[in-house]
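Only the coordinates and a few stated rules stand behind these numbers; no lab work does. A quick note: this is a predicted structure, and the numbers were derived from the prediction, not measured. FYI the Cβ positions are ideal-geometry reconstructions off the backbone, even for glycines, and counts take in every protein chain you see.
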Amino acid sequence: MGSPGHLGTDSPLWLLTSSPHSGTTFAIVGDVGVAIMMPAADRAGAVVFALVCSRFFRRGPLEFLLHKATTPANRIS
């Protein structure tokens, strides 16, 4: 069975653990859940950022930088 406090791999009960890098069912389900959640959280964060920017600024951050970079071109002609 292994050392005290350690569940060895000779028992089928070790498949019920979710320790890191174990490759057990619960560890894989947890990893898949995190993998599905990350893009959704990233997208939600981007939407919130866009709403805040549009509320307080006329332009988005990239539009602002592009405007600042091209303003000197108006003075050339």
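The label point for Phe57 and the one for Val34, both projected 7 Å from the Cα toward the Cβ, are 3.2 nm apart.
The base-10 log of I(q)/I(0) for the stretch 12-76, evaluated at q = 0.14, 0.15, 0.22, 0.23 Å⁻¹, reads -0.64, -0.67, -0.91, -0.94 [Debye formula, identical scatterers on Cα atoms, solvent excluded].
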